[in-house]
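No lab work stands behind these numbers, since they all come straight from the coordinates. Quick caveat: nothing in here was measured; it's all calculated off a predicted structure. Because the Cβ atoms are built from the backbone with ideal geometry, glycine has one as well, and the counts that use them run over all protein chains shown.
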């Protein structure tokens, strides 16, 4: 196959991305539907005036960075501010606005892991006074304090094992049957949705989360308005970090015990991972459509070419991080449909640079290596080699992508033979069908699903109403 010039491939690639639903209208509609689901799920779990559970949808669906062929699941965080609330500064506590049973102060010490904090319990004793609990006042016999522990300095901390004991073990029968699986730190329900229990912090961002506002940047992106919203309106979540302690497993075939040495349980159980998903969502919603096409293409490249090498140890989040740093670095004038191939190459080169340095910084949290405890040493070189092959070919690999039949669609535009492919109108209807079905269920209580006959009839209506599409 002859190498195609970047400009021509960019135009064709941009058109195909629109064919499979990466358009302003569909991205915004997907975000809207997911926001509605988020709101309705929260309302359904309200008890009087208290929010018993608040749902925060995150990931591809609410970002709009997915397609029908990518089949992205729904990810959401669950917070319960009626029980848990955390602060980074106790002076921000307002008794009239807080109704939580347990209050915590986020602290970092010499035993804190990267991207993690400890949560020290505090007691409200009246007159706007919060009292940090120490060993002198710690009562282990209280059942409601069974998930608390003392550190070396005598401070009472919340153990992250509360998530396992109250969410995983109660659903152990479902877990054993495969209905519920633990995808650390999330629980996955029937392969459809990943949920993570979190403790929300609405006030001042932790010190490590200030890096986005303090590090030197070219200045064109993120915009000043976006940064102001991120600093004043976005919450930080403290979540269960997954199994970061020692683990062991028995291989019956070889009769050997495998030990994975990580961190002692006494230290691992007190860690709560910081998450800035609300800031990340704000940044993703600030992208233009060309940048969204770039990101979706990077995700497809990961699934098609990089995932077979290292599975999900190189995750979508690594791609997103490299992509965000690329947008921050390169000026707005390059992000055009005519330059789409080069935009993807910028993102892939950023990721390759991180791999060569064996270090992937977090975009909004300081002192974090996203490769740590993910990629193995011997897996880095094959990833660099594959990325180099893709980059040196000027993205000719897109003809090999099977997701949404992207490669076949590109070939169809080049050869003019597209008899096996459905039209853009039908593919849009296929994309809209589950979204509209969800919308009808939420608002109307009906659960009508569009059949193939419905789709075909809609296609006929579209063909009668619209002029024929030309290349």
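Rg/Rh for region 299-379: what does it come to with C-alpha atoms and Rh from Kirkwood?
0.98
Working note: Cα gyration tensor of region 201-246, eigenvalues times five, square-rooted, sorted largest first, giving semi-axes of 26, 14, 9 Å. FRET efficiency for the pair residue 421 and residue 25, taken as 1/(1 + (r/R0)^6) with r the Cβ-Cβ distance and R0 = 22 Å, rounds to 0.55.
Put a dot 7 Å past the Cα of residue 288, heading toward its Cβ, do the same for residue 90, and the two dots end up 5.0 nm apart. Distance between the pseudo-spin-label points of residue 134 and residue 83 (7 Å out from Cα toward the beta carbon): 3.0 nm.
With the cut-off at under 13 Å, measuring from each backbone N in region 321-335 to a point 7 Å along the Cα-to-Cβ line of residue 220 picks out 326-335. Compared with the direct C-alpha span, the chain from residue 256 to residue 233 gains 3.1 nm at full extension, assuming 0.36 nm per residue.
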